[in-house]
């Protein structure tokens, strides 16, 4: 009788656990937003996702989605070629690729900074991660650079040298926080050059003052400025350090301080 009761209670407990686990999975799946574009073939499973703020801006959403679809198409094309040449590379299934567009900040009501994060897995030792950024002018409905905010951005010029100095100082601090100070070396930092197209993917950092930016954040994927295990890095350059180089438009959009918590991990 005692054994029978134990089996009964064990069965009830197991059933409850199964139901709870199923409910958790269902809730988790429901919380996960559906991608805005996705494909699934024998060679690749890929998706593109835009956050709510981006989707609320029709022109920006269309621009990002067009770019994302083109990226997926290129990745799928390469995967198809590899699958024909070496089917063994797909013995564990299709390659995967995901791209996410996320709003970093909206400054002066129309300058939108976006972080574009890529994740790919081709069945190697570990998946690959990439990061890039977009600066969108909603008034002009186009992508722009940070050039309009500075009096000059010539390669090797005063502005770019000041930016590099501030970036390297920020990266050194970040590495010490991660107990990775030994990799704060010229060898790892050599990719950070005083050139607008070489210094790193940049965004306008949010500010404690509404509508303003507290400075620039530069985003680096794993392997860029440190070993893969160190992950992604974000370097912050406060606007005050660039004040001598600002145009009237730059002076207009920058102000305040970096919000508390904004430096808690990659953004």
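At a glance:
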read-out	value
Percentage relative contact order, segment 77-230, counting C-alpha pairs under 8 Å, at least six apart	20 percent
Per-residue [θ]222 nm for the chain (sum of -39500 (n - 2.57) over DSSP H runs n ≥ 4, rounded to 500)	-11500 deg cm²/dmol
Cα gyration tensor shape of segment 183-267, rounded if a/c is under 1.5, else prolate or oblate by comparing a/b with b/c	oblate
Mean Cα-pair separation over length for the chain, i.e. relative contact order, pairs under 8 Å, 6 or more apart, %	14 percent
Cα gyration tensor category, rounded, prolate or oblate, for the chain with a/c compared to 1.5	prolate
In degrees, nearest ten, helix 58-85 long axis to first principal axis of the chain (Cα)	60 degrees
Whole-number D in µm²/s for segment 37-144 (Stokes-Einstein; Kirkwood sum over Cα pairs; 20 °C, 1.002 mPa s)	144 µm²/s
Nearest 10 degrees, 0 to 90: helix 158-177 Cα axis against the chain principal axis	40 degrees
Percent RCO, i.e. relative contact order, over segment 150-265, from Cα pairs under 8 Å lying at least 6 residues apart	29 percent
Cα-based helix-to-principal-axis angle, 2-31 vs the chain, degrees rounded to 10	30 degrees
Separation of the residue 86 and residue 193 label points, Cα + 7 Å toward Cβ, nm	3.0 nm
Mean-position separation - Cα centroids, segment 189-267 and segment 115-171, in angstrom	8 Å
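Just so you know, all these numbers are worked out from the coordinates, no wet-lab data involved. It should be emphasised that the depicted structure is a prediction, and the values quoted were computed from it without experimental measurement. All Cβ positions, glycine included, derive from the backbone under ideal geometry; neighbour counts span all protein chains shown.
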